[in-house]
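K.L.:
Encoded as structure tokens, here's the structure I'll be asking about.
FYI, it's all coordinate maths here, none of it is from the lab. Since the structure is predicted, the reported quantities are computational estimates derived from the model, not experimental observations. Neighbour counts are summed over all protein chains in view; Cβ atoms, including those assigned to glycine, are modelled from backbone coordinates with ideal geometry.
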Amino acid sequence: QSRLYRAGVFGRRPVVPVEPDALEAAARARMSDVAWAYVAGGAGRQRTVQANRDAFDRHRIVPRMLVDVEHRDTSVELFGRRLPAPLLFAPVGVLELAHQDADHAIARAARALDLPMVISSQASVPMEDVAATLGDAPRWFQLYWSKDDDVVDSFVARAEKIGCDALVVTLDTHVLGWRTHDLDLAYLPFARGEGIAQYTSDPAFRRLVEARAATRAPADGPTPRPTPSAVRALHSMARHYPGRTRDNLRSPLPRAAVETFLEVFSRSSLTWSDLARLRERTTLPIVLKGIQHPGDATLALEHGVDGIVVSNHGGRQVDGAIGALDALPAVVEVVGDRIPVLFDSGIRSGADVVTALALGARAVLLGRPWVYGLALAGAEGARAVMQHVWAELDLTMALSGVRSVEEIGADLLAPA
Ligand code: FNR
């Protein structure tokens, strides 16, 4: 980390802007309107996106002096593995919007840093391919609980097979939020066949698609001009239908894939008792993402889950929801040391990481910042963003008189 700092001091320009607002502005200038709206946007009037940031501004770090901080350790233990820093790549879907290398680029960045990549259910690349790029780097899988049991079971089995350390069940997105920016651009990625590679590469899902397509007559006569969404779905499926690509353009298959996805995407009827079913099916640690209410933290403990991510999905779901950092202390209070509480939504810097850890998070996930890095400079850009956050975390620890992540506690903070 100090190497990175020295490189900056001695005049080598960073791959992407270090300053968070400059990073965001540079990405805005690079990305298409649709990509920007999807990535940066939040729900409704964007009040929760703002609340996520405002919450950090209500806390100040109070540094301690004359502590021997020559040797510092940013590592942390999570689900049986020691991570070199309490930082994870949050699950982010539809990365093809930001860069053509999409999930592969993030896998390369995660591998370079040895930080976990949480592979999204809405990835642009099948998890097996991402796993190959990850090499030995740690990986988790994020599950959107499909309406179809076979798809759920198949995703879980695949996640186990690719060596995931944990299964993150995202609870806050059983329907998409009211994403005003996307609505104004008439943009829904999945309807364009984007971000459904995890499904089109799945045997259980493909059985559903084929059953649906079989009920339709293939087009007669000359190959019809496929709709853009059909072409995208087709591309994401083509590798699983060797030799049939050309035929597929004449078949109802791609359209059926998109329709099937929209039908089975997620189960709004899911309740706490369904977790028992998942528990029976996997020995992987189960982590619930999207917990905001302390009452839900209590229920999570009662249902025997292994971890919680306090998150409001980066303000993309409920406009007016509590700032994620504001929700953290009450959840930590309920959970204590029983299971790890992770945090995301609004982290933009290493100092923010210190604040979240001081309020009781064991580790944090970042989303948009590394997506901006990805958009600007591919794998290198995403890696640079995480390195910058890591370097500032280390320096902030040093300057605050803290030697290890465990030493970062509530006594380091004061109200702003
Ligand atoms: C997300 N997030 C997300 N979460 C999830 O569980 N599955 C997913 O597929 C996605 N996809 C996704 C796409 C995009 C473009 C964004 C910005 C976010 C939410 C993500 O995991 C995380 O909770 C937030 O991004 C954290 O907030 P910040 O760091 O972006 O402020």
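K.L.:
What number do you get for the range 10-102 when its Cα radius of gyration is normalised by 2.2 N^0.38 Å, N = residues? Before the final figure, lay out the partial values.
P.N.:
Values: Rg = 18.2 Å, N = 93, 2.2 N^0.38 = 12.3 Å.
Here the Cα radius of gyration is 1.47 times the empirical estimate.
K.L.:
First check a/c for the range 95-148, with a ≥ b ≥ c the square roots of the eigenvalues of its C-alpha gyration tensor; if it is under 1.5, answer rounded, and if not, answer prolate when a/b is larger than b/c or oblate otherwise.
P.N.:
oblate
K.L.:
Any idea what log10 I(q)/I(0) is at q = 0.15 Å⁻¹ for the range 311-366, Debye with uniform C-alpha scatterers and no solvent?
P.N.:
After summing over all Cα pairs, the log10 values are -0.39.
K.L.:
Taking only the alpha-carbon positions of the chain and ignoring solvent, what does the Debye formula give for the base-10 log of I(q)/I(0) at q = 0.11, 0.12, 0.13 Å⁻¹?
P.N.:
Listed by q, the Debye log ratios stand at -0.81, -0.96, -1.13.
K.L.:
Each residue of the range 183-197 in turn: what ³J(HN,Hα) in whole Hz from Karplus with 6.51, -1.76, 1.60 and θ = phi - 60°, glycine and Pro shown as x?
P.N.:
4, 5, 9, 6, 10, 9, x, 5, 5, 9, x, 8, x, 10, 5
K.L.:
DSSP loop trypsin sites (Lys or Arg not before Pro) in the range 271-376 with at most 13 other Cβ atoms within 10 Å of their Cβ, which ones?
P.N.:
R338
K.L.:
Ok, one more. With a cut-off of 8 Å between alpha carbons and a minimum separation of six or more residues, what is the relative contact order of the range 289-409 in percent?
P.N.:
Working: 180 pairs, mean separation 25.5, N = 121.
Rounded, it is 21 percent for the range 289-409.
K.L.:
Follow-up question, since we're still on this one. Please state, as a whole number in µm²/s, the translational diffusion coefficient that the Stokes-Einstein equation yields for the range 225-384 at 37 °C and 0.692 mPa s, with Rh defined as the Kirkwood radius across alpha carbon pairs.
P.N.:
Result for D is 174 µm²/s.
K.L.:
Still on this model: Where a ≥ b ≥ c are the square roots of the eigenvalues of the C-alpha gyration tensor, would you call the range 37-191 rounded, which needs a/c under 1.5, or, failing that, prolate if a/b is larger than b/c, or oblate?
P.N.:
Here the range 37-191 falls in the oblate category.
K.L.:
Kirkwood hydrodynamic radius, the range 34-80, all distinct C-alpha pairs: what's the number in Å? Kindly include the intermediate steps, with their values, before the conclusion.
P.N.:
On the way: mean 1/r = 0.0656 Å⁻¹.
Every distinct Cα pair counted, the radius reaches 15.3 Å.
K.L.:
In whole Hz and in residue order, list the ³J(HN,Hα) couplings for the range 59-73 that follow from phi through the Karplus curve 6.51 cos²θ - 1.76 cosθ + 1.60, θ = phi - 60°; x for Gly and Pro.
P.N.:
10, 10, 7, 10, x, 9, 10, 6, 10, 6, 10, 4, 10, 10, 9
K.L.:
Calculated from DSSP H runs of 4 or more alone, at -39500 (n - 2.57) each and per residue, what is the 222 nm mean residue ellipticity of the chain, nearest 500?
P.N.:
Calculated mean residue ellipticity at 222 nm is -13500 deg cm²/dmol.
K.L.:
Here's something else I'd like to know. Mean 1/r over all different Cα pairs, inverted: what Kirkwood radius does the range 263-332 give, in Å?
P.N.:
Across the range 263-332, the inverse of the average 1/r is 13.3 Å.
K.L.:
In which sequence would E128, E380 go, from the one with the fewest C-beta neighbours within 10 Å to the one with the most?
P.N.:
So the residues, fewest neighbours to most, are E128, E380.
K.L.:
Further question: Among rounded, prolate and oblate, which fits the range 351-416 when a ≥ b ≥ c are the square roots of the eigenvalues of its C-alpha gyration tensor, a/c under 1.5 means rounded, and a/b larger than b/c means prolate?
P.N.:
In terms of gyration-tensor shape, prolate.
K.L.:
What is the percent of Cα-Cα separations in the range 106-187 that go past 19 Å?
P.N.:
Cα-Cα pairs of the range 106-187 separated by over 19 Å account for 44 percent.
K.L.:
Quick one: net charge of L357's neighbours, Cβ under 12 Å, K/R +1, D/E -1?
P.N.:
After counting each charged neighbour, the total is -2.
K.L.:
Relative contact order of the chain: what whole-number percent is it, with Cα pairs under 8 angstrom and at least 6 residues apart?
P.N.:
Relative contact order of the chain: 27 percent.
K.L.:
So who's got an amide H within less than 5 Å of the one on K289, skipping anything under 5 residues away but keeping other chains? H placed 1.01 Å off N, in plane.
P.N.:
Residues meeting the amide H criterion: V169, T170, L171, V309.
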